[in-house]
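K.L.:
Here it is, the structure in full.
The values are calculated or read from the model by the stated rules, or taken from the named source; none is laboratory data. Everything numeric here is computed off the predicted structure, so don't read it as measured data. Cβ atoms come from the backbone with ideal geometry, glycine included; neighbour counts cover every protein chain shown. SASA here: full protein model, heavy atoms, side chains in, ligands and nucleic acids out. Shrake-Rupley method; radii C 1.70, N 1.55, O 1.52, S 1.80 Å.
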There are 2 protein chains.
Amino acid sequence: LSKRLGVELTIASETFQHTGSFKFRAAYNVASKISERKIIAASSGNFGQAMAYACSLLDKTCIIVMPSTSAQVKIDAVREYGGTADLTDVRVKGRAARVAELARDHRDAYIASAYDDPLVIEGNATLGIELAESGREFDYVVAPIGGGGLSSGIITGLKERGSNANVVAAEPSMANDAARSLRAGHIVVNDTEPQTIADGARTVSVGVNNWAVLKDGLSSVVEVAEEKIKEGVRLLFSLANIKAEPTGALPIGALLTAPHLFHGQRVCCVVSGGNVDPEVYRMILSA
Amino acid sequence: LSKRLGVELTIASETFQHTGSFKFRAAYNVASKISERKIIAASSGNFGQAMAYACSLLDKTCIIVMPSTSAQVKIDAVREYGGTADLTDVRVKGRAARVAELARDHRDAYIASAYDDPLVIEGNATLGIELAESGREFDYVVAPIGGGGLSSGIITGLKERGSNANVVAAEPSMANDAARSLRAGHIVVNDTEPQTIADGARTVSVGVNNWAVLKDGLSSVVEVAEEKIKEGVRLLFSLANIKAEPTGALPIGALLTAPHLFHGQRVCCVVSGGNVDPEVYRMILSA
């Protein structure tokens with residue numbers, strides 16, 4: 001895969017993290033540091049199952065608001081870990097609106113953002129710390145961006161440990177609010193939740209807490225076409241034996257999209273998760 | 001996956017080994033310890049690419065005799081690593097016969113068996129040593145069996161480090177020569193190479209060197225139906241985010257086949273490799 005991509009590649013795979021994605025880092029940090037026993041969160045899936053598992057470990061409960069279009073495997077996982085999956089048609093009612101409704105009914109609950117929370121950034125910073133302490137030097141660390149929780153966490157963790165690696169965000173072209181935000185110098189919001197195949201990046205904007213870190217901490221954003229995301233999934237399958245979900249393949253898609261930026265460099269691609277419906281995966285492999 | 005299988009499960013994944021399967025352990029050991037500069041070997045694929053890569057590291061050359069029905073990805077890999085892939089229709093001429101032909105033409109070459117060689121057992125023993133030194137205790141270590149190189153290596157390595165784990169071989173029912181050999185008390189040979197989906201187990205019999213270790217060292221053989229092999233691949237995909245080749249999923253298939261044998265035990269499943277054609281993988285996921 002290194003040879004194919006023309007870089008000195010390291011893959012930081014979160015596909016074997018608890019619940020199969022990096023989201024457990026943040027979910028556990030949030031659930032363990034708040035005093036509330038009940039948590040309400042909006043999530044396209046991975047944060048939901050991570051929070052459900054974290055709550056099961058901590059003997060807390062949670063309600064996860066999910067788009068009804070979420071991967072079935074992610075809905076099932078939330079329920080398996082003992083969480084309540086609250087399915088919402090996001091074309092009719094935004095997830096934030098549904099969370100607000102639930103918050104009125106559960107006044108004792110903590111409303112957890114999947115990304116826009118200092119505790120989320122702190123949880124995800126553990127990955128930046130691990131990369132800084134891995135014994136490898138990186139010119140670039142490339143991570144998927146949706147709400148910005150992962151990339152702001154990585155930036156924070158790397159900085160905390162004195163790493164000079166440039167952090168690049170890989171974003172679906174059809175959900176390019178982070179790229180537009182960086183160009184505009186302020187947070188730009190998508191009108192609706194973009195239906196990119198990278199379902200972990202279907203956020204309308206980055207979070208305020210994340211933006212505070214990203215606006216100066218991010219080296220650049222590479223906008224990745226849907227086809228390149230899928231090609232990333234296929235390359236991870238064929239040349240690295242890694243089962244990645246589409247969002248997790250965004251960094252490989254970024255290397256395919258901007259090869260000149262990374263050529264010959266020491267690049268760490270963060271494969272953020274591996275949870276993908278078999279049917280979606282089959283469709284991607286067939287192309 | 002532990003919960004689903006009813007055991008305390010550890011997965012020893014060789015899918016991220018050099019060239020994507022355990023075969024590199026043996027190939028490198030052979031290629032580095034012989035004096036010959038040229039190697040001829042028969043392989044359904046994984047040993048071939050492992051040997052080609054080992055030779056490239058050691059500045060040696062190799063010819064790999066492969067069934068023309070081998071996974072395309074494995075043929076390509078042998079060539080990519082600089083090896084010569086010699087494709088043979090095994091229904092017309094056995095691989096052993098083709099190797100003998102080539103041996104006559106290349107008298108300076110070492111004829112490497114993919115399994116029946118003390119150097120192969122020694123190489124694979126490194127996995128048994130790693131399991132013994134992993135800090136975990138196992139009641140059972142379950143490994144796929146074809147020629148017997150892996151299981152005899154694991155038995156040797158475990159014994160060398162004083163482990164008392166029982167080693168169970170997982171074998172395709174339609175290629176059950178090892179099971180029949182254990183029942184008969186001597187090596188039993190299949191008439192032809194069985195066309196199981198577990199292409200790493202398409203051997204006609206276990207090797208003589210392997211049998212010497214297996215006949216007393218193996219706890220039992222579980223015969224796994226094709227459907228259970230595929231279910232093993234799907235479970236590794238869905239519940240462990242592991243991309244396994246069918247042969248690598250044999251141990252999970254064995255747990256599905258003989259649940260009473262393993263229930264509640266500390267079981268280590270060796271996922272021997274991850275190299276599988278996308279089309280085969282898609283077919284398995286669709287069921």
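K.L.:
State which residue is farthest from the other protein chains (Cβ to nearest Cβ) when the search covers only segment A:73-103 and only residues that are open to solvent by less than 40 Å² (accessible area, probe 1.4 Å), under 17 Å from A:M51 (Cα atoms) and outside any helix (DSSP H, G or I).
P.N.:
A:D86
K.L.:
Just one of the numbered conditions (1) within 10 Å of another protein chain (Cβ to nearest Cβ); (2) of a type outside the set (A, V, I, L, M); (3) open to solvent by 10 Å² or more (accessible area, probe 1.4 Å) is not true of B:G274; which one?
P.N.:
(3)
K.L.:
For residues that are acidic (D, E) and either under 14 Å from the mean Cα position of the chain (by Cα) or on the phi > 0 side of the Ramachandran plot (or both), tally how many sit in segment B:15-68. Before the answer, list the steps.
P.N.:
Taking segment B:15-68 first, the residues acidic (D, E) are B:36, B:59.
With the extra rule that they be either under 14 Å from the mean Cα position of the chain (by Cα) or on the phi > 0 side of the Ramachandran plot (or both), the set shrinks to B:59.
Residues flagged as acidic (D, E) and either under 14 Å from the mean Cα position of the chain (by Cα) or on the phi > 0 side of the Ramachandran plot (or both) within segment B:15-68 amount to 1.
K.L.:
Could you run through segment B:264-287 and say how many residues are part of a helix (DSSP H, G or I) and touching a strand residue (DSSP E or B) at 6+ places or on another chain (Cβ under 9 Å)?
P.N.:
The qualifying residues number 0.
K.L.:
Okay, moving on. Please verify whether segment A:90-110 includes one or more residues that are hydroxyl-bearing (S, T, Y), out of contact with any Leu (no Cβ under 8 Å at 6 or more places or on another chain) and farther than 21 Å from A:V280 by Cβ.
P.N.:
Yes, that holds for at least one residue.
K.L.:
State all residues of segment B:197-248 that are open to solvent by 20 Å² or more (accessible area, probe 1.4 Å), among the hydroxyl-bearing types (S, T, Y) and within 14 Å of chain A (Cβ to nearest Cβ); if no residue qualifies, say none.
P.N.:
B:S238
K.L.:
For segment A:150-194, how many residues are under 13 Å from A:Y140 (Cα atoms) and open to solvent by 30 Å² or more (accessible area, probe 1.4 Å)?
P.N.:
The initial filter retains those residues of segment A:150-194 that are under 13 Å from A:Y140 (Cα atoms), namely A:151, A:154-155, A:158, A:163-170.
When the remaining residues are screened for being open to solvent by 30 Å² or more (accessible area, probe 1.4 Å), the result is A:163-164, A:166.
Residues that pass the stated criteria total 3.
K.L.:
Quick check: anything in segment B:252-263 out of contact with any Leu (no Cβ under 8 Å at 6 or more places or on another chain), in contact (Cβ under 8 Å) with a residue 12 or more places away in the chain, in a helix (DSSP H, G or I) and open to solvent by 40 Å² or more (accessible area, probe 1.4 Å)?
P.N.:
Yes, some residue in segment B:252-263 is out of contact with any Leu (no Cβ under 8 Å at 6 or more places or on another chain), in contact (Cβ under 8 Å) with a residue 12 or more places away in the chain, in a helix (DSSP H, G or I) and open to solvent by 40 Å² or more (accessible area, probe 1.4 Å).
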